[in-house]
Amino acid sequence: MSKKKKVLIVTRRELRKNKLINWVSEIYLQILAQGGVMPILVPISQGTIANLPDYLEDYDGLLMSEGGDISPAYYNESYSVSKLDEYDPIKDEIEIACCRHAMEHDKPILGFCRGMHMINVAFGGSLHLDVHEVNKRSVVHIDYDHYDTHRHPISIFENTPLMNWYKQKDLLVNTYHHQGIKKLAPELIAMAQAPDGLIEGIYHPKHKFVVGLQFHPERMYQEHPGNKLVFKSFIDSL
């Protein structure tokens with residue numbers, strides 16, 4: 001029996017009934033398990049930082065999911081952390097360490113929403129604090145009243161992995177995010193953009209697999225074959 005591949009996923013953390021809990025959307029775990037991959041959850045806690053070398057000793061890839069904002073300390077912006085949504089400095093510390101380790105060892109990386117932002121930051125890019133302050137809501141990137149159903153169009157660029165997966169130039173995608181890419185990291189290539197010019201997909205052309213998407217194919221999993229191909233390509237690269 002062949003050994004199962006292992007993919008790290010850093011959890012999210014929130015206060016529930018006066019206690020901190022760690023969690024991750026089950027859909028990621030289901031998709032990985034269906035692909036024969038063992039998801040390894042990396043919890044957000046101070047103790048995890050001391051044990052991080054053990055997590056990074058034996059894994060095959062990294063999946064970074066949605067979540068709160070990333071501290072400007074990691075990309076040289078001057079705004080206050082008090083303006084961040086769902087800010088968790090320990091998650092930032094753990095996740096960027098995992099991302100940099102995966103980069104250095106050419107482990108496959110797949111990031112969605114915040115995960116895409118983390119890829120961009122780890123490779124030297126920067127982020128907007130609030131995309132709606134920048135675009136004056138010319139494109140709505142988060143609609144709290146229609147969280148799962150709100151869509152906006154994106155344009156997919158030719159000769160990119162995203163075009164290979166979706167086979168079309170225009171796509172309606174789900175969207176709910178506060179931050180967004182401001183300066184694209186020099187080594188990364190944009191794969192798609194929204195009508196306001198915001199980057200909606202990135203990849204690294206020289207790494208085995210480094211892909212970040214602003215939208216959530218896991219939440220549109222049955223809507224387009226391309227959504228499944230995103231995950232299949234990641235799993236096949238492990």
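The values are calculated or read from the model by the stated rules, or taken from the named source; none is laboratory data. Keep in mind that what you see is a predicted model, and the values were worked out from it rather than measured. Note that each Cβ is placed from the backbone with ideal geometry, even for glycine, and that neighbours are counted across all protein chains shown. All accessible areas refer to the heavy atoms of the entire protein, side chains included, with ligands and DNA or RNA removed. Shrake-Rupley method; radii C 1.70, N 1.55, O 1.52, S 1.80 Å.
Sort the following peptides by mean Cβ neighbour count (other Cβ atoms within 10 Å, averaged over residues), highest first: 5-15, 33-43.
5-15, 33-43
Taking a label point 7 Å from the Cα of K83 along the Cα→Cβ vector, which residues of the range 110-150 have an amide N closer than 13 Å to it?
Taking a point 7 Å out along Cα→Cβ of K83, the residues of the range 110-150 whose backbone N falls under 13 Å are 127-135.
Does the range 131-238 come out rounded, prolate or oblate by the C-alpha gyration tensor, with a ≥ b ≥ c the root eigenvalues, rounded set by a/c under 1.5 and, if not, prolate when a/b is larger than b/c and oblate if not?
In terms of gyration-tensor shape, oblate.
Using a cut-off of under 16 Å, list every residue of the range 115-133 whose amide N is near the label point 7 Å from the Cα of N76 along the Cα-to-beta-carbon line.
It comes to 120-128, nothing else.
Just the accessible area per residue of the chain, please: how many Å² with a 1.4 Å probe?
Here the per-residue accessible area is 47 Å².
Return the carbon/sulfur percentage of the accessible area of the range 18-158, one whole number, probe 1.4 Å, all protein chains in place.
50 percent
Between rounded, prolate and oblate, where does the chain land on the alpha carbon gyration tensor, with a ≥ b ≥ c its root eigenvalues, rounded for a/c under 1.5, else prolate if a/b exceeds b/c?
The shape class here is rounded.
Sort 110-117, 95-102 by the packing proxy (mean of other Cβ within 10 Å over each peptide's residues), most packed first.
110-117, 95-102
Using the Cα gyration tensor of the range 105-174, with a ≥ b ≥ c the square roots of its eigenvalues, what is the shape: rounded (a/c below 1.5), prolate (a/b larger than b/c) or oblate (neither)?
The shape class here is oblate.
At 7 Å along the Cα-to-beta-carbon direction for both R16 and S155, put a label point, then send me their distance in nm to one decimal.
My value for the distance between the label points is 4.2 nm.
What distance in nm separates the simple spin-label points at V134 and L184, each placed 7 Å from Cα in the Cβ direction?
Result for the modelled spin labels: 1.2 nm.
If each of H105 and Q30 carries a label point 7 Å out from its Cα toward its Cβ, how far apart are those two points in nm?
3.0 nm
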